[in-house]
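A short worksheet on the structure shown next.
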Amino acid sequence: MRDIIKIEGGHRLNGEVRVSGSKNATVALIPAAVLAGGPVTISGVPEIADVNSLSEILRMLNCDVTEKAEHLIIDPTNMKNTDLDAEVITKLRASYYFMGALLGKYGYVRMKMPGGCYLGPRPIDLHIKGFEALGAKVEYEKGCYTIQADQLKGAKIFLDISSVGATINIMMAAVYAKGRTVIENAAKEPEIIDAATLLNNMGANIKGAGTNVITIEGVEELHGCYHEIIPDRIEAGTFIIMAAACADEMKITNVIPKHIEALTSKLQEMGADLEIGIDSILVRNAGRLHGTDVTTKPYPGFATDLQQPLTTLLTQADGISEVTDTIYSERFKHCQELQRMGANIELSNGKSVIKGPTPLYGDKVTATDLRCGAALVIAGLLADGVTEISDVYHIDRGYDNIDGKLKALGGVIWREKAE
Ligand code: EPU
């Protein structure tokens, strides 16, 4: 039996919503904690399925994991390096961070290929290239990677694509390496700064995180520490888009506005009424918005993770809008689901063309991936009638208590069990 989400559309939202800790930072910080010699307390951990999966992996590695409110205390003192070949590895993408962390700590890791949302091909060749440059030998056989090194040595690594995952994974592998590692064309996403901050709090020597050149001087020892996770910029963006679509007035709190400037400036260009505070954003009803063109780019450009929710808003905007995803050319499954609900969207290679405004009607749709799920929740709120979303486990992987937060804002949303 799996959950389905049902939403009765047409109820305008009002009130305040607090954004949880960043999913994509959390899923890197949890594996990073195993590099420490003592307990690491991470505060602001979102309640999402990916955290449960990573905790399960930590327990397989004999780490002590304690959950207390929004805190996760990870004690790797009695840790044992174990082959990670269980099914849970394939439930999410971020299990790949155990590659860098275990390779860094033990010089050996054996694990299954990670899973995660299907957004088109998602190779990990740059992660592997980085580990090899540090002196590791990598073998891939029967769906499992074996990565080992007697002693990792610092190296200069140029990433052909500024990959978030490869940047963090190489950083983790390099913290104990002998000498200096330089990552060039590194990704600059805020989650990378957060991961480097945690590692530095543990005693690592990482400089330049948030720029495209990151330098890591290897150290002998890392210790436990306390760390607070940054707010989730994608959850914040999702609520801001939702507010622009169907709120009279909504305040989104626990936001770092700088992290979502590409979105807020795009929404203002569309005519949205946003009041940007120090750590909150107030969205007021601005009536009908006009369409726009969006091209996703690595940070600080427009986030690929927000193009799917934005597409729902564009179905309600005047005129023709084009969304081009340069990060994942196949991240358009949400469009077919939105079409089922009445949207006028044409798809061509790596691009969607949306003609608005069109009324949306409640229907049975599928959350084919996490952000498709977010796009469909917004569509459900806007639609005439009841929308039924299946495969909501994708949504639960990345949105903390989405039903509760929406109910508090006046949304009519509930769960049922389905075969
Ligand atoms: N790429 C390669 N080779 C590699 C690594 C990446 O070709 O070895 C390509 C990818 O195929 C993609 C581009 O480089 O075209 C960027 O991928 P990146 O490695 O930056 O993505 P990721 O680390 O796998 C993270 C987030 C994604 C988010 C992307 C882009 C996590 C766990 N995931 O993925 O988040 O879309 O960065 O910002 O941090 C989501 O939250 O919904 C999500 C999918």
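The values are calculated or read from the model by the stated rules, or taken from the named source; none is laboratory data. Note that the structure is predicted; figures quoted are calculated from it, not measured. We place every Cβ from the backbone using ideal geometry, glycine too, and count neighbours over all the protein chains shown. Just the protein is used for accessible areas: all its heavy atoms, side chains included, with ligands, DNA and RNA removed. Shrake-Rupley method; radii C 1.70, N 1.55, O 1.52, S 1.80 Å.
Are any of the residues in the range 80-99 open to solvent by 60 Å² or more (accessible area, probe 1.4 Å) and under 28 Å from E220 (Cα atoms)? For the range 80-99, residues open to solvent by 60 Å² or more (accessible area, probe 1.4 Å) and under 28 Å from E220 (Cα atoms): present. Quick check: is even one residue across the range 266-281 within 16 Å of the ligand (Cβ to nearest atom) and at pLDDT 95 or above? No, the conditions are met nowhere in the range 266-281. Annotation: P46 fulfils all but one of (1) within 16 Å of the ligand (Cβ to nearest atom); (2) within 19 Å of E228 (Cα to Cα); (3) free of Cβ contacts under 8 Å to residues at least 12 places away in the same chain; the unmet one is (3). Here L289 passes the criteria (1) farther than 26 Å from V365 by Cα; (2) free of Cβ contacts under 8 Å to residues at least 60 places away in the same chain except the one numbered (1).
Counting only strands (runs of 3 or more DSSP E) that fall entirely inside the range 1-82 and contain at least 2 residues that are out of contact with any strand residue (DSSP E or B) (no Cβ under 6 Å at 6 or more places or on another chain), the qualifying elements are 64-68. Does any residue of the range 230-244 turn out to be over 17 Å from the mean Cα position of the chain (by Cα) and surrounded by fewer than 15 Cβ atoms within 10 Å (Cβ to Cβ)? There is no residue in the range 230-244 that is over 17 Å from the mean Cα position of the chain (by Cα) and surrounded by fewer than 15 Cβ atoms within 10 Å (Cβ to Cβ).
Over 30 Å from A379 (Cβ atoms) and open to solvent by less than 10 Å² (accessible area, probe 1.4 Å): is that true of A36 in this structure? Write out each step before concluding.
Details: over 30 Å from A379 (Cβ atoms): yes; open to solvent by less than 10 Å² (accessible area, probe 1.4 Å): yes.
Considered against the rule, which asks whether it is over 30 Å from A379 (Cβ atoms) and open to solvent by less than 10 Å² (accessible area, probe 1.4 Å), A36 comes out as yes.
Look at (1) among the charged types (D, E, K, R); (2) over 23 Å from I230 (Cβ atoms); (3) in contact with a helix residue (DSSP H, G or I) (Cβ under 8 Å, 6 or more places away or on another chain) and you find that E67 fails only one, number (2).
Being within 19 Å of the chain's Cα centre (by Cα) and crowded, with 22+ Cβ neighbours inside 10 Å: is that true of I256 here? The answer is no for I256. Scanning the range 182-223 for residues that are among the small types (G, A, S), away from the ligand (no atom under 13 Å from the Cβ) and not in a strand (DSSP E or B) yields A196, G203, A204, G208, G210, G218.
In the range 6-27, the residue that is surrounded by the most Cβ atoms within 10 Å (Cβ to Cβ) out of those that are within 14 Å of the ligand (Cβ to nearest atom) and of a type in the set (S, T, N, Q) is S22.
Restricted to the range 305-419, the set of strands (runs of 3 or more DSSP E) holding at least 2 residues that are open to solvent by 10 Å² or more (accessible area, probe 1.4 Å) and either without any contact (Cβ under 8 Å) to a residue 12 or more places away in the chain or over 24 Å from K91 (Cα atoms) (or both) comprises 319-325, 344-348, 351-356, 412-418.
Of all the residues in the range 161-195, those that are crowded, with 24+ Cβ neighbours inside 10 Å and under 14 Å from A33 (Cα atoms) number 8.
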